[in-house]
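Since the structure comes first, as structure tokens, the remarks are kept for the end.
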Amino acid sequence: MAENAVYISSIEHSKPTIFEIWAEESFMATLQPAYQLLSDFISSKLPQGKCRPLKLIFEWPDESFLIFNIIMQSTYLDWFSASFSESFYGLKRVNVASTAERLTTRAKILSLIGLVGAPYIMIKFKSMVDNYVFSSSNEGQVNATGLKLLQGYKVMSSALRLMKLYHYVSYLSGHGSQHSIFHRLAGVQLVHQNQPPPSWADISTLIKLEPNRSKLIAPLTFKIVSQLFELGAFSLQFINWWNSMDSEVFKFNRTPIPEPIDSIKTGDLVCPICRNSWRVEVVLSTSGIVYCYSCITKVLNETGRCPVTDLPFSMNDLIRLYPAAC
Ligand SMILES: [Zn+2]
């Protein structure tokens, strides 16, 4: 009996290896890009002018992923004391300073900020910097505010990388129990789960043995919701893997190659929207048409489709052009 107790306690407090942590972090890191691919694909397939509420979800992929991520991570923190990917790898968070069995409210809120808030802020900061540099780079010159923003972003991301490296080294050498700054700020550390989540076999045994049907609602809802999240995350992971294949034929969100356009004459050195010489030339990677940055961003907000080819596009499809002076 005593031996069992020792075994259980050693399992409960066993630290995951750095490889388990990397696997869990890599899994989490692929969710947002895969969601972006899925959004691009769905919004390109929805007919123009129809399904407006659905289109809004996919036209704001960062925000809709933020909402999805908040719901998923807070549910997992509540149910498993773990993030979605930590739970997927059989890990959970325990309080460092408190002996409480469950995560404290403070630890949950800070965990949620580290899991959802911080990555969202970094993504928005990066896209703001890209936008600013893009729009202010008239005649190849980025203005002072754009440069400051760019430097600020570089300093911030370098500081985060250094902190990450410091925590990895300290975790590997056994000096620290937390492998990331966000776990440290939340006052939690990762350990192996001593009890795996119930399987479908456990649930079906419970259904057979429990005469009071109302007591089955909670475990059944719990199982179905967690299964749906796992299925959703697996599908996103699959899309990412599918899209990483070398051949263009396999690309999930591949848009058709546009037909040659008669209305655009090669000698026409003007923007197809304002019919003036380009101001801050950008090319749409989906259609190959060159527009003024300000003209095409207006169209992006209105229809999200190339005015010449009608192909859907997003901010990520704009490429700044710097025609060489001959
Ligand atoms: Zn224009």
If you go through 235, 285, the only one that is of a type outside the set (Lys, Arg) and either outside the structural domain of residue 62 (by TED's automatic domain parsing) or at pLDDT 80 or above (or both) is 285
How many residues of segment 268-322 are of a type in the set (Asp, Glu) and crowded, with 16+ Cβ neighbours inside 10 Å? The answer is 2
When restricted to 60, 22, the only residue modelled with pLDDT under 85, in the same structural domain as residue 187 (by TED's automatic domain parsing), under 17 Å from the mean Cα position of the chain (by Cα) and surrounded by fewer than 15 Cβ atoms within 10 Å (Cβ to Cβ) is 60
Here the residues within segment 187-215 that are assigned to a helix (DSSP H, G or I) and loosely packed, with under 14 Cβ neighbours inside 10 Å are 200, 201, 202, 204, 205, 207, 208, 209, 213, 214, 215
Residue 303 vs (1) within 16 Å of the ligand (Cβ to nearest atom); (2) at pLDDT below 80; (3) β-branched (Val, Ile, Thr); (4) over 29 Å from residue 32 (Cα atoms): all pass except (4)
Of those in segment 265-300 that are assigned to a helix (DSSP H, G or I) and in contact with a helix residue (DSSP H, G or I) (Cβ under 9 Å, 6 or more places away or on another chain), the residue farthest from the ligand (Cβ to nearest atom) is 300
Return a yes/no flag: does segment 126-149 have any residue that is modelled with pLDDT of 90 or more, touching a Leu at 6+ places or on another chain (Cβ under 6 Å), of a type outside the set (S, T, N, Q) and buried (at least 17 other Cβ atoms within 10 Å of the Cβ).
-> no
Residue set 179, 183; condition in contact (Cβ under 8 Å) with a residue 24 or more places away in the chain, part of a loop (DSSP other than H, G, I, E, B) and within 25 Å of the chain's Cα centre (by Cα); output residue 179
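The values are calculated or read from the model by the stated rules, or taken from the named source; none is laboratory data. These figures come from a predicted structure and were not determined experimentally. FYI the Cβ positions are ideal-geometry reconstructions off the backbone, even for glycines, and counts take in every protein chain you see.
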